[in-house]
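Visitor: I am attaching a structure below and will ask some questions about it afterwards.
The values are calculated or read from the model by the stated rules, or taken from the named source; none is laboratory data. It should be emphasised that the depicted structure is a prediction, and the values quoted were computed from it without experimental measurement. Cβ: placed from backbone, ideal geometry, glycine included. Neighbour counts: every protein chain shown. Heavy atoms of the whole protein, side chains included, go into the accessibility calculation; ligands, DNA and RNA do not. Shrake-Rupley method; radii C 1.70, N 1.55, O 1.52, S 1.80 Å.
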Amino acid sequence: MKVLSVFGITQSGKTTTIENIIRELRKRRYSVGSVKEIHFEQFAIDEEGTNTYRHRMAGSQLVTARGYKETDVLFQRMLSMEEILRFYHHDFVVLEGVTDCNVPKIITAHDTREVDERIDETVFAISGRIANDLTEYRGIPVINAQENTGRLVDLIEHKVYERLPDFPAECCSACGYSCRELGIRILRGQAERKDCVISDSNVKLLIDGSEIHMVPFVQKILYNSVRGVVKELEGYKKGASVEIRIGGI
Ligand code: SF4
């Protein structure tokens, strides 16, 4: 799954850029999901007085509102992006306004000052209102998402890689870099997605069908624990692939 984020100040053209990207990706037959970050502290669908609010106040820990047009599962806390992305199984996921995530990014801005205030090495394109005046800034293409949607999505297809893990450097540096640094090197064409060595690992953990990234240390613990038990069992063959399914932990 490839994930990118479009971020920038209010009214800089974020949502318009995202609409165009989603439309073009769908036209190219990709499956697409999206996430909108709400920067408004009071935001909540579950308002005081609603029936779902009453369920929550009575102690229900996960409330679902099931309607004819939509089904809303209401988590009672802010989920991490890692947790949210486990619900997605699309070719592309476009995040709006998300910056705390190790993914390639597009800045939308009115002017170069706004770009300078936000740019970092994970940015591979600039769009929004600034694209009416510039075509390139600090070596990064500035693309009008309405007039040149095809070019912007060509760049997305070229640059955005299968999502990397997002471990702190002290947890894993098996590729020689941190996860973030490897992402930056891939964007610069100095490394490839396959350089993340844990992707090739022979130990995989899936929870409800979604792969959970594990640092090499944890993979090793899991591997040794399972191997220690399995090799004592009748039917064990050296080098065999082992699959364990556990329901309802
Ligand atoms: S090997 Fe993969 S998980 Fe480990 S630091 Fe590199 S990119 Fe991150």
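Visitor: By the scheme Lys and Arg +1, Asp and Glu -1, what is the net charge of all other residues having a beta-carbon under 11 Å from that of residue 125?
Guide: Numbers: positive: 105, 151, 159; negative: 136, 154.
In short, +1.
Visitor: In angstroms, what radius of gyration and Dmax does the range 1-101 have, counting Cα atoms only?
Guide: Rg then Dmax for the range 1-101, in Å: 15.8, 47.
Visitor: Using Cα-Cα distances under 8 Å and only pairs 6 or more residues apart, what relative contact order does the range 39-191 have, in percent?
Guide: 14 percent
Visitor: Would you calculate the separation in nanometres between label points at residue 43 and residue 89, each defined as 7 Å from the Cα along the Cα-to-beta-carbon direction?
Guide: Result for the modelled spin labels: 2.7 nm.
Visitor: Moving on to the next point. Given labels modelled 7 Å from the Cα in the Cβ direction, how far is it in nm from residue 82 to residue 231?
Guide: Distance between label points: 3.0 nm.
Visitor: Tell me which of 207, 171, 241 sits at the most positive position along the dipole axis of the range 136-249, charges placed on C-beta atoms (Lys, Arg +1; Asp, Glu -1).
Guide: Of 207, 171, 241, it is 241.
Visitor: Can you give the relative contact order of the range 122-249 as a percent, counting alpha carbon pairs under 8 Å and 6+ residues apart?
Guide: That works out to 14 percent.
Visitor: Between 16, 108, 64, find the one with the highest GNM mean-square fluctuation for the chain; connect C-alpha pairs within less than 10 Å.
Guide: 64
Visitor: Continuing with the same structure: Using a 10 Å cut-off on Cβ atoms, rank the peptides 232-240, 136-144, 35-43, 88-96 from the highest mean neighbour count down.
Guide: 88-96, 136-144, 35-43, 232-240
Visitor: Using only the Cα atoms of the chain, build the gyration tensor, take square roots of its eigenvalues as a ≥ b ≥ c, and label the shape rounded, prolate or oblate: rounded if a/c is under 1.5, else prolate if a/b is larger than b/c, else oblate.
Guide: It is oblate, given that a/c is not under 1.5 and a/b is not larger than b/c.
Visitor: Calculate, for the chain, the solvent-accessible area per residue in square angstrom, rolling a 1.4 angstrom probe over the heavy atoms of the protein chains.
Guide: On a per-residue basis, the chain sits at 64 Å².
Visitor: Return, ordered by residue number, the residues of the range 78-92 whose backbone nitrogen is under 19 Å from a label point located 7 Å along Cα→Cβ of residue 218.
Guide: Backbone N within reach: 79-88.
Visitor: Highest mean first, how do 178-186, 19-27, 116-124 rank when packing is the count of other Cβ atoms within 10 Å averaged over residues?
Guide: Result, highest mean first: 178-186, 19-27, 116-124.
Visitor: Among residues other than residue 9 whose Cβ falls under 12 Å from its Cβ, what is the net charge (Lys/Arg +1, Asp/Glu -1)?
Guide: So the surrounding residues net to +1.
Visitor: Of 150, 15, 196, which is farthest along the charge dipole of the chain in the positive direction, counting Lys and Arg as +1 and Asp and Glu as -1 at C-beta?
Guide: 196
Visitor: Classify the range 85-154 as rounded, prolate or oblate from the Cα gyration tensor: take a ≥ b ≥ c as the square roots of its eigenvalues, call it rounded if a/c is under 1.5, otherwise prolate when a/b beats b/c and oblate if not.
Guide: It is oblate, given that a/c is not under 1.5 and a/b is not larger than b/c.
Visitor: Still on this structure, I have one more. Give me the percent of accessible area attributable to carbon and sulfur for the chain, probe 1.4 angstrom.
Guide: Values: 7780 of 16040 Å².
Taking all protein chains in place, the chain shows 49 percent carbon and sulfur surface.
Visitor: Let me ask another. Compute the relative contact order of the range 104-194 as a whole-number percentage, counting only Cα pairs closer than 8 Å that sit 6 or more residues apart in sequence.
Guide: Over the range 104-194, the number comes to 21 percent.
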